[in-house]
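J.: Got a structure for you, written out below as structure tokens; questions coming shortly.
The values are calculated or read from the model by the stated rules, or taken from the named source; none is laboratory data. Small disclaimer: the values here were computed from a predicted structure and weren't measured. Ideal geometry is used to build each Cβ from the backbone, glycine not excepted, and the neighbour counts take in all protein chains shown.
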Amino acid sequence: MPVSGEKFLEAADTIYKKNESREEIYYRCSASRAYYAAFHVAKKHFHLPRKTRHITVIDILKKNHRSTGEKLKELKELREDADYELDKYISQYIADKCIKLSNNIINKLNNLKT
């Protein structure tokens, strides 16, 4: 069964909310999934091919909706920290920020469709 970008955001939110022990790994996973939610929704919005590079999606979004593209760029940078910078602390605040940014981007793109 196909998965939508919005499902990635649901997963990010679930991981975030069920992290009762406040373990950093779950904040990292939540931040990462939040980015992919927005990335996939943006890619679908512009009808881009499956293997479109992340920077290409960001550039196209910035060209069409500058502030939303900037948010996706920021979200990608936070995701890269969460995925690759293991010595950098990823806090609850950062995970929460990623979920909110992703939600904002997705809502903006979905509202543009109507």
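J.: Give all pairs with beta carbons closer than 7 Å in which a residue from region 75-92 that is buried (at least 17 other Cβ atoms within 10 Å of the Cβ) meets a residue that is polar (S, T, N, Q) and part of a helix (DSSP H, G or I); count only pairs at least 6 apart in sequence or on separate chains.
T.: LEU75/SER102; ARG79/SER32; ALA82/SER32
J.: Checking VAL3 against (1) under 16 Å from the mean Cα position of the chain (by Cα); (2) modelled with pLDDT of 95 or more, which test does it fail?
T.: Single failed check for VAL3: (2).
J.: Could you identify the single residue in ARG50, ARG22 that is over 15 Å from ASN107 (Cα atoms), in contact (Cβ under 8 Å) with a residue 60 or more places away in the chain and of a type in the set (D, E, K, R)?
T.: Answer to the selection: ARG22.
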